[in-house]
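Here's the structure, in C-alpha cells; my notes come after.
Quick note: the coordinates plus some simple rules give every number you see, no bench work behind them. Computed from a predicted structure; not experimentally measured. Note: ideal-geometry Cβ built from the backbone for every residue, glycine included; neighbour counts use all protein chains shown.
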Amino acid sequence: MLSFKKFCYGMGFSNSFLIWDDESREAAIIDCGNTAEPIFRFALSEKITVKWVILTHAHYDHVLYMEEYRESFPDAKLAIGMRDEPLLFEVEGNVSYLFGDSRVFDSVDVKLSSGDKILLGESELSVISTPGHTPGSICLYSEADKLMVTGDTLFGGGGIGRTDFKYGDMEIMRISLRRLLSMARWPLEDWIRAEKLILLIKNGETLN
Ligand SMILES: [Fe+2]
C-alpha cells in the first residue's frame, strides 16, 4: 500500500510529492521545485528511505533544487523522462528565463521510458510517457493504489499544461491526454486521491 504527502512552498508553486510503501518505508520523491529540508525532516521522522527522486519534466520550477536533493538523499537515484534530459542543459528548454534566471542543470542517473517500473518495497509506480507540455513529460501511477502524479500534463481546475514553450506540442498533448483518459478504470471517488485526475474524467468529452 502506498501513502503520499504533498509539499508545496516553492516560488513556482509546483508540487513535490513524497510517495512511500507503508511496509518497507521505501519512497520516491516526485519533483524538486521545493527545498529538500522539510521533506528530509519528514522522511527522517517517519523512518522513510528515499530510493528515487523523479522529475516529471525538465522545467525550472520542477527541477530547481535537484542538487539539494542529491545531497539530502545521496543514495537515491535521480531520474527524468528520456526525452527531457536534454532540456535540463538548455535555458530555453528548462524555461529558467521565465523565472528571471538563466540556469542549466546537470544530467540525471536514470532516463525513464514508458512502462518502466519504480519499485518501492512490494509496491510499484509505473511510468507513463505523456509528451506535449515537454517531449519527455511523464506521469507516474499505481493502479493498485489508485494514485497518479500528473506533473504539468494536467492541473487542478481542469487545466492542462501549456504547449507554447519551445518543444511543446498541442497535437501530441491531445494524444497523451486521451491516453490518460483511457486508463481511468477505477471508481470516480477514488480519483480524488489523485487530485488531478478527477478533472480529466469530468472534462473527458472535450478531449476526444
Ligand atoms: Fe512545466
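In the chain, the DSSP beta bridges split such that about 65 percent are antiparallel, to the nearest 5. When you restrict to C-alpha pairs under 8 Å that are six or more residues apart and normalise by the size of the chain, the relative contact order lands at 14 percent. Each 5 Å bin from 0 upward holds the following percent of the Cα-Cα pairs of the chain: 1, 8, 17, 21, 22, 17, 10, 4, 1, 0. Quick check: the distance between the Cα centres of segment 137-179 and segment 45-97, to the nearest angstrom? After rounding, the separation between the Cα centres reads 18 Å.
Which order do the peptides 58-66, 138-146 come out in when sorted by mean C-beta neighbours inside 10 angstrom, highest first?
Working: 58-66: 24.8, 138-146: 20.7.
Peptide ranking by packing, descending: 58-66, 138-146.
Farthest towards the positive end of the charge dipole of the chain, among the residues S14, Y141, I160, is the Cα of I160, using unit charges on the Cβ of Lys, Arg, Asp and Glu.
So what's Rg/Rh here for segment 98-172, counting alpha carbon atoms and using the Kirkwood radius for Rh? Each step should come with its number before you reach the end.
Details: Rg = 14.4 Å, Rh = 14.1 Å.
With Rh from the inverse mean 1/r over Cα pairs, Rg/Rh is 1.02.
Over 25 Å apart at the Cα level, from the set K5/K146; K6/K166; K51/K166, are K6/K166; K51/K166.
Order 167-177, 77-87 from most to least packed using the mean count of other Cβ atoms within 10 Å. Present the calculation step by step, with values, prior to reporting the outcome.
Values: 167-177: 17.0, 77-87: 22.2.
My ranking of the peptides, most packed first, is 77-87, 167-177.
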